[in-house]
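K.L.:
Handing you this structure, nothing more for now.
The values are calculated or read from the model by the stated rules, or taken from the named source; none is laboratory data. Because the structure is predicted, anything quoted here is derived from the model rather than measured. Cβ atoms come from the backbone with ideal geometry, glycine included; neighbour counts cover every protein chain shown. Note: areas computed on protein heavy atoms with side chains; ligands, DNA, RNA excluded. Shrake-Rupley method; radii C 1.70, N 1.55, O 1.52, S 1.80 Å.
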Amino acid sequence: MSKKVLIVEDDDNIAELLRLYLEKDGFAVSIAENGAVGVAEFESFQPDLILLDIMLPVMDGWGVCREIRAVSNVPIIMLTAKGETLDKVTGLEMGADDYIVKPFEVGELIARVHAVMRRFDTAETVEVKRLTFENLIIDMDSFELYVNGKRIDAPPKEMELLFHLASSPNRVYTRNQLLDEVWGFDYFGDSRTVDVHIKRLREKLENVSEKWSLKTVWGVGYKFECAE
């Protein structure tokens, strides 16, 4: 069965161009011309990935991303005409998996679609894995995070990053190592992606235990620090 891509884009020329190339590449495609239609189409079309423009009528891309992330971890690639760091960071903080700046080469965008889907498919088929620390359970079988006995919502990439760090307590990883080992060598983003995901994890794990913590090693990277 063909993978399905939902394009939420109000520029008809861009939307139809993306449809043409994606369908040629074997994807089933649906287009929504504004944010509200995008949310409704997400529910009915059940896409495997969403290409989401930020500047949309009725409901902007931030609102669409927020609505979808409340119920699903489907991969989202944000499309932005601004290309400003703040836009990129905001998108990642809201749960987007990647971003691409307009104008873009269609070939690069298609490559990113494949890369994000590969990472997501790998996350979905990960072998049974579970790590337990004081007041913390990282269950990669069910992709569930438990803090103080309560299930905490966390997107797959946050889970993978936390599991990767916690699998080697006290080992320091550089941002580039984490990009290679968690996101994969074909990731097109930059090291700020790691910083954003660490920030979101810290918000979920702050003051949970005195026996472990996510630590920044200034000038180097990050580690999951455990008391000896």
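K.L.:
Go through the residues of the stretch 139-151 one by one and say whether even a single one is buried (at least 16 other Cβ atoms within 10 Å of the Cβ), modelled with pLDDT of 85 or more and either touching a Phe, Trp or Tyr at 6+ places or on another chain (Cβ under 8 Å) or in a helix (DSSP H, G or I) (or both).
P.N.:
yes
K.L.:
Follow-up. Answer yes if at least one residue in the stretch 137-151 is within 30 Å of Phe104 (Cα to Cα) and of a type in the set (Val, Ile, Thr), and no otherwise.
P.N.:
no
K.L.:
Which of the residues that make up the stretch 29-54 are of a type in the set (Asp, Glu) and assigned to a helix (DSSP H, G or I)? I'd like the intermediate steps shown before the answer.
P.N.:
Kept after step one, since they are of a type in the set (Asp, Glu), are these residues of the stretch 29-54: 33, 41, 43, 48, 53.
Scanning the stretch 29-54 gives Glu41, Glu43.
K.L.:
Further question on the same structure: Evaluate the stretch 211-226: report whether one residue or more is of a type in the set (Ser, Thr, Tyr), touching a Gly at 6+ places or on another chain (Cβ under 6 Å) and part of a strand (DSSP E or B).
P.N.:
Residues of the stretch 211-226 that are of a type in the set (Ser, Thr, Tyr), as a first pass: 213, 216, 222.
Keeping just the survivors that are touching a Gly at 6+ places or on another chain (Cβ under 6 Å) gives none.
No, the stretch 211-226 contains no residue that is of a type in the set (Ser, Thr, Tyr), touching a Gly at 6+ places or on another chain (Cβ under 6 Å) and part of a strand (DSSP E or B).
K.L.:
Still on this structure: Between residues in the stretch 190-211 that are over 20 Å from Met78 (Cα atoms) and open to solvent by less than 50 Å² (accessible area, probe 1.4 Å) and residues that are among the acidic types (Asp, Glu) and modelled with pLDDT of 90 or more, which pairs lie under 6 Å by C-beta distance while being six or more apart or on different chains?
P.N.:
As it stands, the answer is Leu201/Glu158; Ser209/Glu134, since those pairs meet every condition given.
Let's see how each residue does on (1) within 24 Å of Asp121 (Cβ to Cβ); (2) among the aliphatic types (A, V, I, L, M):
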| site | (1), (2) |
| --- | --- |
| Leu79 | yes, yes |
| Thr90 | no, no |
| Tyr99 | yes, no |
| Pro103 | no, no |
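K.L.:
Assigned to a helix (DSSP H, G or I) and within 13 Å of the chain's Cα centre (by Cα) - does that describe any residue in the stretch 162-176?
P.N.:
Of the stretch 162-176, the ones assigned to a helix (DSSP H, G or I) are 162-166, 175-176.
Retained after the next criterion (residues that are within 13 Å of the chain's Cα centre (by Cα)): none.
The answer is no; no qualifying residue exists.
K.L.:
For the stretch 1-28, what are the residues that are open to solvent by 20 Å² or more (accessible area, probe 1.4 Å), part of a loop (DSSP other than H, G, I, E, B) and more than 17 Å from Ala115 (Cα to Cα)?
P.N.:
Met1, Asp10, Asp11, listed by residue number.
K.L.:
Out of contact with any helix residue (DSSP H, G or I) (no Cβ under 9 Å at 6 or more places or on another chain) and either closer than 26 Å to Glu160 by Cβ or not basic (Lys, Arg) (or both), is that true of Ser44? Talk me through it step by step, then tell me what you get.
P.N.:
Working: out of contact with any helix residue (DSSP H, G or I) (no Cβ under 9 Å at 6 or more places or on another chain): yes; either closer than 26 Å to Glu160 by Cβ or not basic (Lys, Arg) (or both): yes.
So Ser44 fits the description; yes.
K.L.:
Evaluate the following for Pro57: is it open to solvent by 40 Å² or more (accessible area, probe 1.4 Å), in contact (Cβ under 8 Å) with a residue 12 or more places away in the chain and assigned to a loop (DSSP other than H, G, I, E, B)?
P.N.:
Working: open to solvent by 40 Å² or more (accessible area, probe 1.4 Å): yes; in contact (Cβ under 8 Å) with a residue 12 or more places away in the chain: yes; assigned to a loop (DSSP other than H, G, I, E, B): yes.
Yes; evaluated as a whole, the condition is true for this residue.
K.L.:
Please enumerate the residues belonging to the stretch 18-45 that are farther than 26 Å from Glu108 by Cβ and polar (S, T, N, Q).
P.N.:
At the first step, the residues of the stretch 18-45 found to be farther than 26 Å from Glu108 by Cβ are 36-37, 39-40, 43-44.
Residue satisfying the conditions is Ser44 alone.
K.L.:
Check Phe45 against each of (1) open to solvent by 20 Å² or more (accessible area, probe 1.4 Å); (2) over 21 Å from the mean Cα position of the chain (by Cα) and name the one condition it does not meet.
P.N.:
That leaves (2) as the condition not met.
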